[in-house]
Amino acid sequence: MSTDEEIREAFRDAVKTGAKGTEAVAVVCSKIGDFDLNVLENMVEAGEMIEIEYILPHMPYRVKSFYLPAGTKISVRGD
C-alpha cells in the first residue's frame, strides 16, 4: 500500500496542467493502485489543489469536477 504522501504527490503530478476528476483518479490509480479517495478531498481542503465543481446544462443531475494546482488564478468569462 502506498503512503499518503505518495498518493498526494501522484495527484499533484496528475493535475499540473488541470484534469477532470475522473482523469486525475485514473492517473493516480495507474501509478499507485487502490487508494482512499478521502486523500483527494483532504488535499482540496488543505489548499494543496483547487477543485472546480460544475454542472453541464444537458446533465443537470450530475456534478462534475475539474482540478488545478494550488495557486492557479481563475476567471470565468461568458454566461
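Any read-out appearing in this document is the output of simple, stated calculations on the displayed coordinates, not a laboratory observation. This is a predicted model, so every value here is computed, not measured. In this analysis, Cβ positions are derived from the backbone assuming ideal geometry, glycine residues included, and neighbour counts consider all displayed protein chains.
Suppose every Lys and Arg Cβ carries +1 and every Asp and Glu Cβ carries -1, with no other charges. What dipole size does the range 7-79 come out with about its Cα centre, to the nearest 20 debye? Each step should come with its number before you reach the end.
Values: 9 positive and 11 negative charges, 67 e Å.
Dipole of the range 7-79, to the nearest 20 debye: 320 debye.
Compute the signed sum of charges (Lys and Arg +1, Asp and Glu -1) over the other residues within less than 14 Å, Cβ to Cβ, of Glu5.
Details: positive: Arg8, Arg12, Lys31; negative: Asp4, Glu6, Glu9, Asp13, Asp36, Glu48.
Taking every Cβ under 14 Å from that of Glu5, the sum is -3.
Quick check on packing: order 66-77, 42-53 by the mean number of other C-beta atoms within 10 Å, highest mean leading.
Working: 66-77: 10.9, 42-53: 14.4.
So the order, starting with the most tightly packed, is 42-53, 66-77.
Normalised by the empirical 2.2 N^0.38 Å for globular proteins, what value does the Cα Rg of the chain take? Present the calculation step by step, with values, prior to reporting the outcome.
Working: Rg = 13.3 Å, N = 79, 2.2 N^0.38 = 11.6 Å.
Taking N as the residue count of the chain, the ratio is 1.15.
So for each of 10-16, 29-35 I average, over its residues, the number of other beta carbons within 10 Å; can you give me the resulting order with the highest mean first? Mind showing how you got there, number by number?
Working: 10-16: 18.6, 29-35: 13.0.
Averaged packing, sorted descending, gives the order 10-16, 29-35.
So what is the relative contact order of the chain, in percent, for Cα pairs below 8 Å that sit 6 or more residues apart? Before the final figure, lay out each step's value.
On the way: 86 pairs, mean separation 26.4, N = 79.
Reported relative contact order: 33 percent.
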